[in-house]
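Engineer: One structure, pasted below without further comment.
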Amino acid sequence: ITRISGSSLASDAEHLWLAFEQKGITDIFEISKGAAGAIRRIPVPGLLGPVQTLTKDVHRPNLWVGGDNTVFQLELPSGKLVSRTQTKGGRSRIFQIQPTEKKIYVGTDDGLLALSRNGQQSEMNSILPADEEKNRVMAIQNHDDTLFLGTNRGLVKYNLSHKTSQTVENIFPSLSNKQETGWFPGEVLSLAVGSRGVYLGGTQGRASFL
């Protein structure tokens, strides 16, 4: 049985990339958007099991593949494997990958993983307070010098220059728990940044703010 693996779709103006899993082995396929619709298989050495996320790098000719606990960097258009980096202890799951001009940010079970441009691990940032049992970053969107992060405890703004994080206050005043002032109640699972603000969806519904 062949199936699309995880949240495994990425695209640009000319191509679409999909991950297909069959019998525990996953391959990446590149589909041209032209009239011919040519399909090319891109094997990824060491990629086993589901692909959690695929991201086309808008800054460099790279495709980033998030396996269960490993980040793969592929060069385009060759499809050559450039780097392979495991998360913390090889145990932390990957949720989303967000390339920026200087670094690659990866949302994991243990916080925000920052990779250098060559795919090597540089640092792990614990986004939520130290007393939190979970420190899960499930969604990432970049805007100027800020990363908006969807976590298991709400929406967080992370300043890239100062490496500081803060919660976004009073998004849902009617739903907020008095003991959790400033937190979006519930998990934030998806984010998008548009011309009119930030849009988010989570376990308590969806919302937007400027």
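The values are calculated or read from the model by the stated rules, or taken from the named source; none is laboratory data. Just so you know, these numbers come straight off a predicted model, no measurement behind them. Backbone-built Cβ (ideal geometry, glycine too); neighbour counts: all protein chains shown. These area figures cover heavy atoms from the full protein model, side chains too; ligands, DNA and RNA do not enter into them. Shrake-Rupley method; radii C 1.70, N 1.55, O 1.52, S 1.80 Å.
Engineer: Look through the stretch 20-68, keep the residues that are open to solvent by 50 Å² or more (accessible area, probe 1.4 Å), of a type in the set (Val, Ile, Thr) and outside any loop (DSSP other than H, G, I, E, B), and return whichever of them is nearest to GLY119 (Cα to Cα).
Structural biologist: ILE25
Engineer: Sort out which residues of the stretch 104-117 are open to solvent by 10 Å² or more (accessible area, probe 1.4 Å) and not hydroxyl-bearing (Ser, Thr, Tyr), and write them in order of number.
Structural biologist: Hits for the stretch 104-117 are ASP109, ASP110, ARG117.
Engineer: Let me ask something else about it. Please go through the stretch 69-94 and pick out each residue that is under 14 Å from ASP110 (Cβ atoms), surrounded by fewer than 22 Cβ atoms within 10 Å (Cβ to Cβ) and in contact (Cβ under 8 Å) with a residue 40 or more places away in the chain.
Structural biologist: ARG93
Engineer: So, in the stretch 187-210, of the ones that are at pLDDT 80 or above and of a type in the set (Ser, Thr, Tyr), which residue ends up farthest from THR151 (Cα to Cα)?
Structural biologist: This residue is TYR199.
Engineer: Turning to a different aspect of this structure: Being part of a strand (DSSP E or B), at pLDDT 85 or above and out of contact with any helix residue (DSSP H, G or I) (no Cβ under 8 Å at 6 or more places or on another chain) is the filter here, so list the residues in the stretch 112-126 that pass it.
Structural biologist: Across the stretch 112-126, the qualifying residues are LEU112, ALA114, LEU115.
Engineer: For the stretch 75-124, give me each residue that is basic (Lys, Arg) and over 13 Å from ARG60 (Cβ atoms).
Structural biologist: Listed by number, the residues that qualify are LYS80, ARG84, LYS88, ARG91, ARG93.
Engineer: Let me ask something else. I'd like to check something: does the stretch 41-50 contain any residue that is within 18 Å of ILE104 (Cα to Cα) and touching a residue at least 12 places away in the same chain (Cβ under 8 Å)?
Structural biologist: No; the residues of the stretch 41-50 include none that is within 18 Å of ILE104 (Cα to Cα) and touching a residue at least 12 places away in the same chain (Cβ under 8 Å).
Engineer: Restricting to the stretch 20-45, name every residue that is at pLDDT below 85, over 19 Å from the mean Cα position of the chain (by Cα) and of a type in the set (A, V, I, L, M, F, W, C).
Structural biologist: Matches in the stretch 20-45: ILE25, ALA35, ALA36.
Engineer: Name the residue, out of GLU101, GLU133, that is at pLDDT below 85, loosely packed, with under 14 Cβ neighbours inside 10 Å, of a type in the set (Asp, Glu) and assigned to a loop (DSSP other than H, G, I, E, B).
Structural biologist: Unique residue meeting the criteria: GLU133.
Engineer: Just give me the residues in the stretch 1-19 being at pLDDT 85 or above and not in a loop (DSSP other than H, G, I, E, B), in sequence order.
Structural biologist: Correct list: LEU9, ALA10, SER11, HIS15, LEU16, TRP17, LEU18, ALA19.
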